[in-house]
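The block underneath contains the structure these notes are about, expressed in structure tokens.
The values are calculated or read from the model by the stated rules, or taken from the named source; none is laboratory data. Given the structure is predicted, the values throughout are model-derived calculations rather than measurements. Glycine gets a Cβ as well: all are built from the backbone with ideal geometry, and neighbour counts include every protein chain shown.
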Amino acid sequence: MSVKVSTSLFLEVTCIVFATLFAYVALLFTAGQQVDLVNFAKGEQNTLQCEVFKDRPYTGSDVKEIKTIIDMCHSDEIKHQYTSAFHRILWLGNSQLHYINQYQQGDHLAPYWLKMGWESPAMIEPLGFSLPNANLQEFLLLSRYAMMNVPVNLLMVELVFDDLREDGLRGDFSEMLTPGFVTEFRRSSTTAENMIERFFSTCKVNGEGTDDTLSGTIQKPVEQWLNARLSTIWRLWESRPQIEGNVLLALYNFRNYALGIKPTTVRRMIKARYDLNMDALRDVLNDCRQRGIPVLLYIAPIRHDKPIPYDSTEYSLWKNEIVLTSQRYGAQLVNLEQLVPGELWGTYVGDDADFMHFQGAGHRLVAEALLPNVKKILDDRER
């Protein structure tokens, strides 16, 4: 009996030792893989672009960049840098707004062409704020934050059906969640309250303490000291955010490979997330109506030279709901889904079709299609 127990124990200990060694080697290998975790899904042919006017950026593709641009605009407003003839447009979108497929010298993003299409480019500022896979809940927070800090003459929102599968706020939004803003945002709607609660709940689970619940306690400085010390003596500890991202990316790629998921695979609606995002859109429209800010919604271009990766019934029902929602809240709506021809799209990875990002000429087409609507809305607003 004792021999059997000893043999079993020996095997268990041996397995644990080998598993530990394997895991350690895997961690070392993973830590050495420097992957751009923010933009890994952009595809090989897409180039990140930022537009600048007189040494000032007016497009941003992450929360930190966006906050910096808003802070600069806020500073200029305090200094009375703008006249009543100046128009600021808040343009919210996903990566379609900041990537150019098969970039060529002289290519620009849609906000650039909108600015250059104005009679006096210096008198219009299209703030192109876009995040990869941005959802409408994030648009709600971004629009509220921007409009609380700077005057906005027009809100433009890119609508992408696939983004309604996304949920919640990414961790970077802690940059904007100051106590004063959080208090104001919570009061604005049930949707906003739930968003903030879920965000802080996730932060607590991950031990980040973004809502500052650890302030004034001994736990926070002790944790900060331990993290700093461990990071200086143990490379794996310092690299743990990158390691976590690399592992998740590997699992994501393995899932797609195992299940045969490709860009052309039909992606079904996730009803609970769809409802949360549509509620957020209604909050955006209601907020703008109360502030007297006009809204221009547009259904984003998608390539049509290949079958689109949406369930056709779900996609049609969503477009119908968008029409009714825009009418209810007095927003303008433009459907640009078939605007960009097939030859202006590219590939994602290898021969996989990219359904989201188009070439530079596509950005110009988007701006030219929206410009007449923008001019009419702003002209009507001044009357």
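Within the stretch 288-310, at least one residue is of a type in the set (Ser, Thr, Tyr), touching a residue at least 24 places away in the same chain (Cβ under 8 Å), in contact with a Phe, Trp or Tyr (Cβ under 6 Å, 6 or more places away or on another chain) and crowded, with 17+ Cβ neighbours inside 10 Å. Given the conditions (1) closer than 26 Å to Ala192 by Cα; (2) more than 22 Å from the chain's Cα centre (by Cα); (3) modelled with pLDDT under 95, report the number of the one that Gln290 does not fulfil. Answer for Gln290: the failing condition is (3).
For the stretch 335-346, the condition holds for no residue, the condition being that it is among the β-branched types (Val, Ile, Thr) and within 16 Å of Gly93 (Cα to Cα). Checked against the criterion of being surrounded by fewer than 17 Cβ atoms within 10 Å (Cβ to Cβ), in contact (Cβ under 8 Å) with a residue 24 or more places away in the chain and of a type in the set (Val, Ile, Thr), the candidates Ile270, Ile322 yield just one match: Ile270. Any residue at all in the stretch 134-141 that is closer than 22 Å to Arg303 by Cβ and free of Cβ contacts under 8 Å to residues at least 60 places away in the same chain? Checked the stretch 134-141: at least one residue is closer than 22 Å to Arg303 by Cβ and free of Cβ contacts under 8 Å to residues at least 60 places away in the same chain. Scan the stretch 300-330 residue by residue and report those that are in a helix (DSSP H, G or I), among the aliphatic types (A, V, I, L, M) and within 21 Å of the chain's Cα centre (by Cα). Once the filter is applied, which keeps residues that are in a helix (DSSP H, G or I), among the aliphatic types (A, V, I, L, M) and within 21 Å of the chain's Cα centre (by Cα), the stretch 300-330 yields only Ile322. Within the stretch 115-162, count every residue that is out of contact with any Asp or Glu (no Cβ under 9 Å at 6 or more places or on another chain), among the acidic types (Asp, Glu) and under 16 Å from Trp91 (Cβ atoms). Result for the stretch 115-162: 2. One residue stands out among those in the stretch 189-222 that are out of contact with any Leu (no Cβ under 9 Å at 6 or more places or on another chain) and hydroxyl-bearing (Ser, Thr, Tyr): the one that is modelled with the highest pLDDT, which is Thr190.
Output the residues belonging to the stretch 326-383 that are over 13 Å from Leu297 (Cα atoms), among the polar types (S, T, N, Q) and crowded, with 16+ Cβ neighbours inside 10 Å. The answer is Thr347, Gln359.
Condition check ((1) more than 26 Å from Glu321 (Cα to Cα); (2) surrounded by fewer than 22 Cβ atoms within 10 Å (Cβ to Cβ); (3) touching a Pro at 6+ places or on another chain (Cβ under 9 Å); (4) not assigned by TED's automatic domain parsing to the domain that holds Leu370) across all residues:
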{"position": "Ala134", "(1), (2), (3), (4)": "no, no, no, no"}
{"position": "Gln137", "(1), (2), (3), (4)": "no, no, no, no"}
{"position": "Ser143", "(1), (2), (3), (4)": "no, no, no, no"}
{"position": "Asn149", "(1), (2), (3), (4)": "yes, yes, no, no"}
{"position": "Leu155", "(1), (2), (3), (4)": "no, no, yes, no"}
{"position": "Asp172", "(1), (2), (3), (4)": "yes, yes, no, yes"}
{"position": "Ser189", "(1), (2), (3), (4)": "no, yes, no, yes"}
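Within the stretch 155-183, being aromatic (Phe, Trp, Tyr) and closer than 29 Å to Leu114 by Cα holds for Phe161, Phe173.
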